[in-house]
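This report refers to the structure that appears directly beneath it.
The values are calculated or read from the model by the stated rules, or taken from the named source; none is laboratory data. Quick caveat, the model's predicted, so the values are computed rather than measured. So basically every Cβ, Gly included, is an ideal-geometry build from the backbone, and we count neighbours across all protein chains shown. For accessibility, only protein heavy atoms count, side chains too; no ligands or nucleic acids. Shrake-Rupley method; radii C 1.70, N 1.55, O 1.52, S 1.80 Å.
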Amino acid sequence: MTGTSGFGDFDRQVVVIGGCGHVGLPLAIAFASRGARVGIYDVSQASVETVNAGRMPFAEPGAAEVLKHAVSVGLLEASTDPAIVGSAEHVVVVIGTPVDEHLNPDQAAIPNALGGCTEHLRDGQLLILRSTVYPGVTALVEKMVAGFGAQIEVAFCPERIAEGKAMTELFELPQIVSARSATALERASALFGMLTSKLVTMSPEEAELAKLFTNVWRYIKFATANQLYMMANDRGLDFERIRQGLTADYPRAADMPAAGFAAGPCLFKDTMQLAAFNHNNFALGHTAMAINEGLPLYLVHRLEQEYDLESMTVGILGMAFKGGSDDIRSSLSYKLKRILAFKADAVLCTDPYVTVDPGLLPLAQVVARSDLLVIGAPHPQYSDLVTDKPVADIWNMLGQGVRI
Ligand SMILES: NC(=O)c1ccc[n+]([C@@H]2O[C@H](COP(=O)([O-])OP(=O)(O)OC[C@H]3O[C@@H](n4cnc5c(N)ncnc54)[C@H](O)[C@@H]3O)[C@@H](O)[C@H]2O)c1
């Protein structure tokens, strides 16, 4: 397949920088599933080998079979050699953009990653930023690219899928497309038009904020539910009964989330990115962070009022950051584990999906050896749990309420 830019031929339509990650790989697979020839450049040797063997380095429902097929027919290939970046007309950048331990965004993450590929960028390529970026990074990259001397256009098309739903949402969610020039906008639209006909165009500055606002909105909604949960719980009332009652046939409150750990690699850090962008003047965002990050502390505080934790073994069921996921990045179950390790006699952990933590035990063992159980992640398996041990179940997995 060749390029359409008029700058000569490319071997591939798309190359994804960071394409073995949680966002990059489903995207690469999605393009390949639409017949595009796709390359991946990733610095993780282990992930590149796994992908080239036709296997997923992490769980993503519906992705494994499509990946296997795409690799077997030669439509998808991963490499740790940055030279692959020169092989495609569209270069999509989707590396991680975390905040540091002091909650500072790293505005240089994307420019630095691109710096490693500079010599392979070619005339006629369209560089598409897809990571969630600190506002202004698109303009920074445009400036950087202008200095390369090659004719390369830049677009910013943020990813908005939720992990676990990538292989449906990539084809169903509207795609935000932004670029400074009409041709870049047209080319990015044509590329994402392979996945969906629902395109929303914006300026890069609008799109950068749109992506951050999307995540911040969700994070604040979770925090609101969690604050209301604590308020009801402190009065001996079951928040879930209240929530279900008030949302029943009442559309204006239908989007009130249930209580639970709001964690993972995106919502927290993007709220902090937006706060930093607004000179740390973001009371709602900071308060949401304090509430969501404070929930494990609150739970343990409540548990120690009711139980003699010091003499007890506590079992945590579910270590991933959300139900049905194997991803433990920024999981509040691990924060809960640290707090309990200090307060309880012993802590045991289990998770049916997580493969990267050698300390995890089988569910039956954790249930048998624990005096008290806490559901950390709402994995569907736990709804069948039968035990005579007390269970702290903020998620209402057992259907017996969320009071703790
Ligand atoms: N995880 C999500 O649900 C989600 C959803 C929407 C948007 N995002 C955003 O997408 C971006 C990526 O997130 P992710 O969860 O996929 O991260 P990830 O850590 O799973 O993936 C990043 C990949 O990039 C690779 N990489 C790192 N530096 C590189 C470099 N210099 N050159 C080439 N490859 C490099 C890593 O090896 C990894 O495979 C972030 O900006 C995130 O905020 C994530």
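Before moving on, here are some points about what is shown:
- Within the range 156-175, the residues that satisfy the criterion of being touching a residue at least 40 places away in the same chain (Cβ under 8 Å) and outside any loop (DSSP other than H, G, I, E, B) are Phe156, Ala166, Met167, Thr168, Leu170, Phe171.
- Any hit, the range 122-136, residues being part of a helix (DSSP H, G or I), within 10 Å of the ligand (Cβ to nearest atom) and out of contact with any strand residue (DSSP E or B) (no Cβ under 9 Å at 6 or more places or on another chain): no
- Residue within the range 231-254 that is within 16 Å of the ligand (Cβ to nearest atom) and open to solvent by 40 Å² or more (accessible area, probe 1.4 Å) present: no
- Matching residues in the range 187-204 - criterion: being part of a helix (DSSP H, G or I) and surrounded by 15 or more Cβ atoms within 10 Å (Cβ to Cβ): Arg187, Ala188, Ser189, Leu191, Phe192, Pro204
- Set side by side, the residues Ser33, Ser72, Ser47 differ, and just one is within 11 Å of the ligand (Cβ to nearest atom) and under 28 Å from Ser325 (Cα atoms), which is Ser47.
- Taken together, the residues in the range 295-328 that are surrounded by 17 or more Cβ atoms within 10 Å (Cβ to Cβ) and either among the small types (Gly, Ala, Ser) or under 26 Å from the mean Cα position of the chain (by Cα) (or both) amount to 18.
- Scanning the range 257-269 for residues that are within 16 Å of the ligand (Cβ to nearest atom) and out of contact with any strand residue (DSSP E or B) (no Cβ under 9 Å at 6 or more places or on another chain) yields a count of 7.
- Members of the range 82-120 found to be more than 11 Å from the ligand (Cβ to nearest atom) and open to solvent by 20 Å² or more (accessible area, probe 1.4 Å), listed by number: Ala83, Asp100, Glu101, His102, Leu103, Asn104, Gln107, Ala108, Thr118, Glu119, His120
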